[in-house]
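The values are calculated or read from the model by the stated rules, or taken from the named source; none is laboratory data. Quantities reported herein were computed from a predicted structural model and do not represent experimental measurements. Virtual Cβ from ideal backbone geometry, glycine too; neighbours counted across all protein chains shown. When the accessible area is computed, the model is the full protein with side chains, heavy atoms only, and any ligands, DNA or RNA have been set aside. Shrake-Rupley method; radii C 1.70, N 1.55, O 1.52, S 1.80 Å.
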Amino acid sequence: MSNAIVFGASSGIGEQLASYLVRDNYRVAITGRRIDALRKVHETDPKAYFYWPHDVQDLVQSESVFSEIIEQFGTIDLIIHSSGIGYENPDLNWDKEEDTLKTNVIGATRIYDLAFNLFKEQGFGHLVSISSIASLRGNRHSPAYFASKAFQVNYLESLYFKSKEIKGGQVYVTDIRPGYVDTRMALGDDKFWMAPLEKASKQIYSAIKKKKRRVYISKRWLLMAWVLKLVPSWLIKKVM
């Protein structure tokens with residue numbers, strides 16, 4: 001039986017991906033801040049789900065939870081990072097900016113490093129992180145969120161480069177870049193190309209199984225990614 005950890009599995013994409021893993025006979029450790037939500041997921045299949053309350057901003061707790069999971073499971077085949085936060089914050093309220101950076105940058109980096117070092121020691125493993133199409137450009141309404149996602153994709157690429165130092169070629173890094181998905185994380189009012197949660201999650205899971213390096217969700221966002229990379233800043237400024 002394969003083992004997986006899903007950080008941020010109390011709702012949304014993380015919860016959906018965890019359910020697909022269980023369907024495919026994984027034992028899955030799920031984490032999140034909302035213990036009642038985690039318990040509810042666990043109760044759907046107590047033999048497959050194991051849950052740990054966890055706040056990614058608490059770096060000491062991240063390490064202790066990670067160690068407890070490894071001690072119980074032994075080895076880990078797949079780690080999915082689906083913990084994230086974001087705000088529309090055009091007034092640059094510092095509490096919101098700080099909260100975003102602590103979760104999406106510092107908290108995420110700690111999970112990435114714990115996962116990568118474990119896989120390096122094991123000689124195998126697959127790290128998956130849910131970043132965002134927002135990583136490609138800045139945004140006047142959600143500066144910290146867009147910047148934090150840019151940090152994530154660059155850090156993940158760095159880990160991908162580092163994975164080539166590990167003999168055997170069995171350590172993989174996948175960067176998932178969704179557009180708008182019908183979850184609490186969908187920021188703003190003008191949400192075009194909104195993907196239903198189940199559709200987006202199925203596409204993400206397919207990419208995970210294929211061990212893709214990066215993927216845009218839903219697939220039509222690949223076109224938008226090309227556009228965003230080419231459009232000059234002066235034009236982006238008018239619309240974003």
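Of the listed residues Asp24, Asp175, the order by accessible area with a 1.4 Å probe, largest first, is Asp24, Asp175.
Within the P(r) computed for the stretch 1-56, what percentage of the Cα pairs occupies the region above 16 Å?
27
Amide H contacts of His126: Leu78, Ile79, Tyr172, each under 5 Å away and 5 or more positions distant or on a separate chain (H built 1.01 Å from N in the peptide plane; Pro and chain starts excluded).
Charged neighbours of Ala4, selected by a Cβ distance under 9 Å, balance to 0 (K, R count +1; D, E count -1). Taking the square roots of 5 times each eigenvalue of the Cα gyration tensor of the stretch 1-107, largest first, gives ellipsoid semi-axes of 27, 15, 11 Å.
Out of the stretch 1-108, which trypsin sites (Lys or Arg not before Pro) are coil in DSSP terms and have no more than 14 other C-beta atoms within 10 Å? Sparse-neighbourhood loop trypsin sites (Lys or Arg not before Pro): Arg34, Lys47. The GluC sites (Glu not before Pro) found in the stretch 1-100 that occupy coil by DSSP, while having at most 15 further C-beta atoms within 10 Å, are Glu88. Counting only heavy atoms of the protein chains and using a 1.4 Å probe, Val41 has close to 10 Å² of accessible surface.
Helix-derived [θ] at 222 nm for the chain: sum -39500 (n - 2.57) over DSSP H runs of at least 4, divide by residue count, nearest 500?
Result for the chain, helices only: -14500 deg cm²/dmol.
For the chain, with all protein chains in place and a probe radius of 1.4 Å, 52% of the accessible heavy-atom surface sits on carbon or sulfur. The residues neighbouring Asp24, those whose beta-carbon lies less than 12 Å from its own, together hold a net charge of +2 under the Lys/Arg +1, Asp/Glu -1 convention.
Working note: Cα gyration tensor of the chain, eigenvalues times five, square-rooted, sorted largest first, giving semi-axes of 28, 20, 18 Å.
Accessible surface for Ser135 stands near 10 Å², nearest 10, in the context of the full protein assembly shown (1.4 Å probe).
The modelled label-to-label distance between Asp55 and Arg137, using points 7 Å beyond Cα along the C-beta direction, is 3.6 nm.
Computed over protein heavy atoms with a 1.4 Å probe, the accessible surface of the chain works out to 50 Å² per residue.
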